[in-house]
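Structure, as structure tokens:
The values are calculated or read from the model by the stated rules, or taken from the named source; none is laboratory data. In this text, all values refer to a predicted model and were calculated from it rather than measured experimentally. Cβ: placed from backbone, ideal geometry, glycine included. Neighbour counts: every protein chain shown.
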Amino acid sequence: MTSRREFLALSAGLFAVAGLPGAVFAAAPGEERFVLVLLRGALDGLAAVPPLGDPRYAEKRGALALDPAGCVALDHGFALNPGLKILEPYYRRGELLIVPASGNGYRTRSHFDAQDLMECGLATKTRETDGWLNRALALVQKGDRRLGLAVGGAVPLVLRGAVPVASWEPANFHPANGDFLAALGPLYAKDPLFGPALQLGLKTQSMSSAVLGDASGAAARGFGPKSFQPLAEAAGKLLGAADGPRIAALDMYGWDTHVAQGTGAGRLYENLAGLASGLDAMAQALGPAWRNTAVIAVTEFGRTVAVNGTNGTDHGTASVMLVMGGAVKGGRLYGDWPGLDRLQDDRDLRVATDSRAVIKGVLKDHLGVDAASLARKVFPDAPGLAPAEGIIRASL
Amino acid sequence: MVAVDSAKAVIAASRFGFAPRAGELATIARDPQGWVLRQLEMTQAAPPVDLPASAPMVAALLEARRDKRLQDPDAKRSLNRQLRAVYLAEVEARTSLAATTDAPLLERLTRFWSNHFTVSCIRPAIRGFAGAFEREAIRPHVTARFVDLLIAAEQHPAMLFYLDQVVSIGPHSRAGERRSRGLNENLGREMLELHTLGVDGGYTQADVEALAHILTGWSIERLNMAEPGKFHFYPAIHEPGSKVLLGKTYREDGLAEGEAALRDLAAHPATAQHIATKLARHFIADDPPPQSVRRIATVFRDTGGDLKRVTAALVDDEAAWQTPFAKVRTPEDLVASACRATGFTPPAPMLVNSLHLLDQQSFFAPSPAGWADVASEWVGPEAVLHRIDWCQAYAARLPDPPDPVGLAESMFGEALPAETGGAIRRAASRREGVALLLAAPDFQRR
């Protein structure tokens, strides 16, 4: 039970950062920042960074193939989805590295299992399992320094473990997103009371936002597109502070695009735009600290190459990983391209680059965790997987 | 067969409690009705933390008023901080109890009776002891006789403050003759209208005034007395002489006169009918079947308001075991039940924030009539969106989200509709799956 004193502390304000008293740091923390963005629900990598130059692209993607005219051309025939346009300058400045055809080595197509494995970084998860980022934290900073920060409420599994971390959350509920309401719809439709109430509620809401001139309207209800930016910006501000935390993890939802995912506009486009504007806001908020920052955005698995029967995509294998920041040696694509002619199980893009190798590379060259510890402690079930070299810019 | 037992077990756990804890459903399914009835023989657990008794909190209020501290912004702020800490602790304690107790029926009864005898912090004076009211006056009496519950509630300082009894003075009492202040009918009226006979219970304005006269003198000990903040009867402000209430004459008898009146009100047939209706509405349906109400009212009358037997009669009523679930969870119920089902009770500020945004902040009922107990008051278009948003926010806050398929199994067993199960299996993450499960009508109802 919480003591009365803690109640007083808790009641001080809902915006407070829990577990982050100013005097925790025994010494000034290092300058390197690391942010992990977990894209939950399985991002369609072929939509985010389309391989327009792959000879089979248009044929295999069918109705979901993007119009090259709207995309931002990168190198080697790859491009950015129009929703990610705002990230183009980062790529041009050499601050965005793209890892196409990446995956985490697990072949499960269950969201729950795959997210668990992506976060624990082990072959199996038990109740006591901790996360790889927490295990890394133990190696980065020894002693009682709370350098880790969970942004958005609960501490995600990837940050859970023996090393204490702080957490920050906004005060009010996020409105539920469109996907969630779509999943609830059929359940509510059968209820004589909840069904009509939900319908009327949504109608009223979109009406009032139209009247109020809020273009976001009902579609903006989201753990999805619009809710990521404030969290990302908050993470940037907190990490940018001289004596703030240095390592943060945050979630973004809304990637499970089974239905009507869209191409140059639509659901997935909106979500990508939300991600991009969030990453941009985070970079701005970090200020000068952006120079010493590496951000990894990663998802649990990719999606089918072919369009399904409802103009969406189903659970697949490889996706795309974004590595961003002033500390990143970017402006290029990283890793091999397996091509669209030979698919995993005849349906999915195959994994060419293990995302754990990229993570290991960042932990080693950016946060200074030695390779032996990475193999023994952070990813003990994949000791033979070498850290990817050259992800981080060599320091001057 | 299994499905039927699961449905009964879910009813036992949710209609008569909150929701099954992990692993609890199988135990309940062996004998759902017996599982509920056995709780009536159990002793209600005490809240798991030390919470202040009402008397010292009342005394603190009297001191603050005496020292005019409420006029000094700094002192007022510091006082408010203390009151908020107590308030948060009370809300967390009752939520934790609901989430963990082995006798959830007693906890649901506590909330039912607490709402029946509403005291609300809308009157700022009682903020420091509204939670204590529930612990001191309600909790010990939910399976006692109704008259004991009635007297405990009406004599508690929170009720005396909330319904202005502390300032009610008999016009012909010694004090009344000297001062301009006089009778306050508030407690007398609400006692008849809300706590005993009910609005159609056949009383008149003259009865309200008679009861108000009978109750004069009921107040609390002042700071210069032995136990400041405790109930005290003051002969000097008590209206002297005989009073006629509901056709019966009460001779001047000081404190005993009021207690005799309360005993008669508790035994009145209209009270039996009123209480039976409210209980049936809470546990069976917004419009409960008349024969259920009749049966419960009969037991109430025949047992002299023995609440253990009255509650047992309710549990024995077939109408209380029907599907589909007729009752919509109130926000307080929804929050407590989610905590019990998942095993996670959020920190107090988040709990209070949630309940506030869902329009049912504990101990802040809008009027002495308490919170509404019918679905139409809780399921508006806006409210439904808030409930859905809350389910997502709560799921997002779970420290270690469980597998939603396993959670659904532990909450509903075989009784989970296939469509809900399918939606949960298709969810894009554990958290979204848990949120779907909590937001599904199957869990929004009980």
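Checked against (1) surrounded by fewer than 19 Cβ atoms within 10 Å (Cβ to Cβ); (2) small (Gly, Ala, Ser); (3) within 14 Å of chain A (Cβ to nearest Cβ), B:GLY34 passes all but a single condition, namely (3). Within the stretch A:300-310, the set of residues being over 18 Å from A:ASP346 (Cβ atoms) and buried (at least 18 other Cβ atoms within 10 Å of the Cβ) comprises just one member, A:GLU300. The set of residues in the stretch B:356-383 that are of a type in the set (A, V, I, L, M) and under 27 Å from B:ASP287 (Cβ atoms) comprises B:LEU358, B:ALA365, B:ALA369, B:ALA372, B:VAL374, B:ALA375, B:VAL379, B:ALA383. Can you find a residue that is closer than 16 Å to B:LEU61 by Cβ and under 15 Å from the mean Cα position of the chain (by Cα) anywhere in the stretch B:158-168? Yes, the conditions are met somewhere in the stretch B:158-168. Filtered by the rule that a residue be in a loop (DSSP other than H, G, I, E, B) and touching an Asp or Glu at 6+ places or on another chain (Cβ under 7 Å), the stretch A:67-103 gives a lone residue, A:GLY77. Note on the stretch A:218-248: residues that are surrounded by 24 or more Cβ atoms within 10 Å (Cβ to Cβ), modelled with pLDDT of 80 or more, within 23 Å of A:GLY83 (Cβ to Cβ) and under 14 Å from the mean Cα position of the chain (by Cα) total 4. Looking at the stretch B:192-288, none of the helices (runs of 4 or more DSSP H) lying wholly inside it contains 3 or more residues that are on the phi > 0 side of the Ramachandran plot and in contact with a helix residue (DSSP H, G or I) (Cβ under 7 Å, 6 or more places away or on another chain).
Whether any residue in the stretch B:167-187 is buried (at least 21 other Cβ atoms within 10 Å of the Cβ) and free of Cβ contacts under 8 Å to residues at least 40 places away in the same chain is what I want to check. Checked against the condition, which is being buried (at least 21 other Cβ atoms within 10 Å of the Cβ) and free of Cβ contacts under 8 Å to residues at least 40 places away in the same chain, the stretch B:167-187 yields at least one hit. Scanning the stretch B:413-422 for residues being within 14 Å of B:LEU436 (Cα to Cα) and surrounded by 17 or more Cβ atoms within 10 Å (Cβ to Cβ) gives a total of 3.
Take B:ASP253 and decide whether it is without any contact (Cβ under 8 Å) to a residue 12 or more places away in the chain and assigned by TED's automatic domain parsing to the domain that holds B:THR216. In short, yes. Scanning the stretch B:157-173 for residues that are under 17 Å from B:GLY370 (Cα atoms) and in contact with a strand residue (DSSP E or B) (Cβ under 9 Å, 6 or more places away or on another chain) gives B:LEU160, B:PHE161. Candidates in the stretch B:96-126 are the residues that are outside any helix (DSSP H, G or I) and in contact with a Phe, Trp or Tyr (Cβ under 7 Å, 6 or more places away or on another chain); of these, the one that is surrounded by the fewest Cβ atoms within 10 Å (Cβ to Cβ) is B:ARG123. Of the residues A:ARG61, A:ARG107, the single one that is charged (D, E, K, R), surrounded by fewer than 17 Cβ atoms within 10 Å (Cβ to Cβ), under 19 Å from A:PRO338 (Cα atoms) and over 17 Å from the mean Cα position of the chain (by Cα) is A:ARG107. The set of residues in the stretch B:372-390 being in a loop (DSSP other than H, G, I, E, B) and either facing chain A (nearest Cβ under 8 Å) or surrounded by fewer than 22 Cβ atoms within 10 Å (Cβ to Cβ) (or both) consists of B:ALA372, B:ASP373, B:VAL374, B:VAL379, B:GLY380.
Only one entry in A:ALA150, A:ALA138, A:ALA79 is within 14 Å of chain B (Cβ to nearest Cβ) and small (Gly, Ala, Ser), namely A:ALA150.
Condition first: surrounded by fewer than 17 Cβ atoms within 10 Å (Cβ to Cβ), closer than 29 Å to B:ALA132 by Cβ, at pLDDT below 95 and among the charged types (D, E, K, R). Can you find one or more residues in the stretch B:196-215 that meet it? For the stretch B:196-215, residues surrounded by fewer than 17 Cβ atoms within 10 Å (Cβ to Cβ), closer than 29 Å to B:ALA132 by Cβ, at pLDDT below 95 and among the charged types (D, E, K, R): absent. Scanning the stretch B:391-431 for residues that are out of contact with any His (no Cβ under 6 Å at 6 or more places or on another chain), facing chain A (nearest Cβ under 7 Å) and polar (S, T, N, Q), we see that the one that is farthest from B:VAL352 (Cα to Cα) is B:THR420.
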